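In what follows, a single structure is set out as structure tokens and then discussed.
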């Protein structure tokens, strides 16, 4: 871990100060082992955010509707990584239309 401080801008526009950086960190992403450099930031409920450099290097295509990404792994093999599906409950919404007529 290196200790050099710099600012990074998050997607929401806020800036965070990075105090630590981890070089060549290996981690598993939905069954795919990958290696990357990590900026260490307090992210709340997120464990890891994939940044543009990683997405570019792995030639990633994102499918938001299917909650999946198609990318190349570190060996150049094509992979599809899927997020966890959430059950979505749909409630029926109905309306009644009343027609009123006025007689003058």
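Of note:
Every residue, every condition in (1) within 22 Å of residue 84 (Cα to Cα); (2) part of a strand (DSSP E or B); (3) touching a strand residue (DSSP E or B) at 6+ places or on another chain (Cβ under 7 Å); (4) touching a residue at least 12 places away in the same chain (Cβ under 8 Å), yes or no:
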| site | (1), (2), (3), (4) |
| --- | --- |
| 8 | no, yes, yes, yes |
| 13 | no, no, no, no |
| 22 | no, yes, yes, yes |
| 28 | yes, yes, no, no |
| 33 | yes, yes, yes, yes |
| 43 | yes, no, no, no |
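- Some residue of segment 26-36 being over 27 Å from residue 7 (Cα atoms), at pLDDT 80 or above and surrounded by 12 or more Cβ atoms within 10 Å (Cβ to Cβ): yes
- Flag if residue 83 is within 21 Å of residue 26 (Cα to Cα), out of contact with any strand residue (DSSP E or B) (no Cβ under 6 Å at 6 or more places or on another chain) and either modelled with pLDDT of 90 or more or surrounded by 13 or more Cβ atoms within 10 Å (Cβ to Cβ) (or both): no
- Count - residues of segment 47-67 that are over 16 Å from residue 26 (Cα atoms) and modelled with pLDDT of 90 or more: 6
The values are calculated or read from the model by the stated rules, or taken from the named source; none is laboratory data. Keep in mind it's a predicted model, so treat the numbers as computed, not measured. Because the Cβ atoms are built from the backbone with ideal geometry, glycine has one as well, and the counts that use them run over all protein chains shown.
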